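Structure first, commentary second.
The values are calculated or read from the model by the stated rules, or taken from the named source; none is laboratory data. Treat the numbers as computed from the prediction; the structure is a model and nothing was measured. Don't worry about glycine lacking a Cβ; one is built from the backbone with ideal geometry, like all the others, and counts go over all protein chains shown. Heads up: the accessible areas ignore ligands, DNA and RNA and are worked out on the full protein's heavy atoms, side chains in. Shrake-Rupley method; radii C 1.70, N 1.55, O 1.52, S 1.80 Å.
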Amino acid sequence: MRKKSCILFGLIAMILVSSSVGEEKASFAEGHRPGDMAPKIKPEGSREAVDFANQTGRYTLVNFWATYDAVSRIRNMQLGRKAGELDSTRLLLCSVSLDEKAVIFAETLKTDGLDTSGQWFAGKERSTLIRKYRLKNRFTNFLVDDRGVIVATGLSVQQLSKFKIQD
């Protein structure tokens, strides 16, 4: 009986150690929380995925939105205007539309009067991005540093203004 207890204890210890090692690896993987590496994004019509590790000292605000979600659409307009006021060598805005149709995305950009250079259409990558960034039914944003690491999530325009983006 004592031998079975020792074997059982050993198995449980091995399971606990192996599960904690898996969690440690996950913190260095792509993810959706501060400290995780930001997953790459391949906008519709792009040949290669965008890696946010730019090593230039510039932050990237990755904002997910859709035309059918009024709150995310308004936040996208506000963030687009605020990013235009900030130093473009220190902050790049990448607003990613999760709309299903490119036509709706394009018309919305015209209607909202947004600079199209920072607006991306996810297209076929929509499902992949929702899974990688764990968006589910909510739209949010991720502030990524120049090493590609997520440093903040869910920033409002006011929080972005206060965030230490300048040296």
Report ³J(HN,Hα) in whole Hz for each residue of region 79-88, in order, from the Karplus equation J = 6.51 cos²θ - 1.76 cosθ + 1.60 where θ = phi - 60°; Gly and Pro get x.
5, x, 5, 5, 4, x, 7, 8, 5, 5
What's the carbon and sulfur percent of region 87-160's accessible surface, probe 1.4 angstrom, rounded to a whole number?
49 percent
Just in region 44-92: which chymotrypsin sites (Phe, Trp or Tyr not before Pro) are loop by DSSP and have at most 16 other Cβ atoms within 10 Å?
Y68
So what are the ³J(HN,Hα) numbers for region 104-109, from phi and the Karplus equation (6.51, -1.76, 1.60; θ = phi - 60°), rounded to whole Hz, Gly and Pro as x?
5, 4, 4, 5, 5, 4
Accessible solvent surface per residue of region 121-167, calculated while the other protein chains remain in place, 1.4 angstrom probe, Å²
59 Å²
Against the 2.2 N^0.38 Å scaling, with N counting residues, where does region 61-127 land? I'd like the Cα-based Rg ratio to two decimal places.
1.04
